[in-house]
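Asks: Pasting a structure below so you can have a look.
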């Protein structure tokens with residue numbers, strides 16, 4: 001069984017599709033369905049019973065603004081294992097360092113303006129950066145409040 005799992009993990013969708021096309025569906029008993037479901041749920045890192053069922057609400061005065069870089073503070077609104085949503089507050093003349101994207105990153109400018117490299121973003125502007133791309137340093141002369149969705153930091 002372990003070898004079958006290892007082989008299946010090495011196959012991508014292009015290899016699996018032809019296999020699935022020749023398989024004949026099998027009717028499972030209630031017990032088999034229950035065992036399969038329990039095995040799947042037990043493999044999840046977070047038990048289903050503890051998953052949130054209510055909205056994550058963060059009021060304006062909730063949370064802490066933390067140091068991110070000189071003249072830049074950050075308030076995390078939501079974080080999971082892979083992604084993070086945060087507010088970044090840039091004071092005038094702040095510079096955020098260049099970085100590499102291991103996941104897609106999205107920025108929405110709520111107030112002010114900021115240069116992302118040589119691209120000027122103003123209130124209401126949006127920018128997304130793709131996986132594997134490098135992001136030039138960001139700088140602002142006037143200050144900026146940004147909503148950021150990016151990969152979670154440790």
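The values are calculated or read from the model by the stated rules, or taken from the named source; none is laboratory data. Only a predicted model underlies this, so the values are computations on that prediction, with no experimental measurement involved. When we count neighbours, we look across all protein chains shown, and the Cβ atoms used for this are built from the backbone with ideal geometry, even at glycine.
Asks: What about residue 115, is it under 21 Å from the mean Cα position of the chain (by Cα) and in contact (Cβ under 8 Å) with a residue 12 or more places away in the chain?
Replies: No, not satisfied.
Asks: Still on this structure, I have one more. Filter the stretch 105-154 for residues that are at positive phi and in contact with a strand residue (DSSP E or B) (Cβ under 6 Å, 6 or more places away or on another chain); which is surrounded by the most Cβ atoms within 10 Å (Cβ to Cβ)?
Replies: The selected residue is 112.
Asks: Among (1) loosely packed, with under 11 Cβ neighbours inside 10 Å; (2) modelled with pLDDT of 90 or more, where does residue 86 come up short?
Replies: (1)
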